[in-house]
Each structure stands twice: as C-alpha cells, then as structure tokens.
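Peer 1: Have a look at the structure that comes next, please.
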Amino acid sequence: MAETTAKTTKPRKTGGTNSPAKAGDAGGAAPKATGKRSAEAKSRFNAALEEARAGAALLGEEARERVGDYGSQARARGDDWVGEAKTKAGELAVQGKSKASEALTGLSRMVGENAGKVDENLGARYGDYARTASQKLQRTAESLDRKSVEELGEDAREMVRKSPAAAVGLAALAGFLLARLFRR
C-alpha cells in the first residue's frame, strides 16, 4: 500500500527562476517601464477627469436653463389659472347674489302671507311686526339686486369695521343657516 501511494502522487513544480538573465531583465526593466506607464496613465486619467468636469459643468448649465424655462412656464400657467379662478369666482359671486336675492324675496312673500295668521293667533301688533319684517326683507332683496358684487364687498368691509361683534354674529347665523340648508 505504501508503494501505490508513492506511485500515484505527482511531483510538484517549484517556483524557482528559469535563468539568471531573465530574472535580471524582469527586475531591471520593469520599474522603468512601469514608471513611464504610470505617468502616461496619470496624464490620461487627469485628462479624463478634466473632460468629466467640463461635461458636468455643461450639464449643470443646461439643467439651470431648463429649470429657468420650467419656472417661467409654471409662472405663466399659474397666472392663467389665477385669471380663470378670478373669472369663475366673479361668476359664482353674481350667481350667489341673485340666489340670495331670490331667497330674500321668497322669505318676504312667505312672511307677508302669514301676517294675517299672526294677527289672528297673536294679535294685530305682532302681525304688524311680521308685515314690517316682510317689507324690510323685500327692500333688502331689491337693494341686493341693484348693487354689484364689489359694492356689496365694500359694504361688508365697512360694516365689519363699524361693528365687529355684529359681523361675527351674522357670520355665525349665516353658517348655521348654510349648514341647515346643506344637511337636507
């Protein structure tokens, strides 16, 4: 058995040098060639680095131009949308004004029609209050029809300046009435 193991194993190659001349060439010529190649590689690397920097600067400049273009396009679109929103808000305000006027006229008519019943149930004095309220509602509706939205806005600002507490109370009442209307 010992003999078969010795016969089957292969001898190893050793890492020695082949000849003294080749060993001297490799040792002496390699540093000079490596130094020359290293300097050439460094110059190529530096040239590539400079080219990359120039490309990055151009890309940055192009990006700034695009951002400026996109910003001006966004501002133009925003201005268009603001104009459209103002137009739509004006139209909605006019529609709201006419609907409020119609609602006041209807309420005035309803209060006026029920003034007779108030006379019968509560007395003539309360019936007169109902008639007066009906007339004031009708005058308010007519005044609302005559005024423009801008005039109504200015009147509202003036009222808030003169009596802020009443303005808060009216706003609360209007909010309550709107909540009741939309709940149905």
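What follows is calculated from the coordinates using simple rules that are stated; it is not laboratory data. Since the structure is predicted, the reported quantities are computational estimates derived from the model, not experimental observations.
Peer 1: I need the Kirkwood Rh of the range 38-168: take the reciprocal of the average 1/r across all distinct C-alpha pairs and report it in angstrom.
Peer 2: Values: mean 1/r = 0.0466 Å⁻¹.
Result for the range 38-168, one decimal place: 21.5 Å.
Peer 1: Need the full-extension length gain, residue 124 to residue 140, defined as separation in residues times 0.36 nm minus the C-alpha distance. One decimal, nm.
Peer 2: Working: separation 16, 0.36 × 16 = 5.76 nm, distance 2.42 nm.
Length gained between residue 124 and residue 140: 3.3 nm.
Peer 1: Same structure, new question: Could you work out Rg/(2.2 N^0.38 Å) for the range 140-184, with Rg from alpha carbons only?
Peer 2: Values: Rg = 12.6 Å, N = 45, 2.2 N^0.38 = 9.3 Å.
This ratio for the range 140-184 stands at 1.34.
Peer 1: Convert 10 °C to kelvin, take the viscosity as 1.306 mPa s, use the Kirkwood radius over C-alpha pairs of the range 111-181 as Rh, and evaluate the Stokes-Einstein diffusion coefficient in µm²/s, rounded to a whole number.
Peer 2: So the translational diffusion coefficient is about 110 µm²/s.
Peer 1: For the range 73-142: lysine pairs with Cα atoms under 21 Å, gap of 8 or more or different chains, count?
Peer 2: Going through the range 73-142 pair by pair, I get 7.
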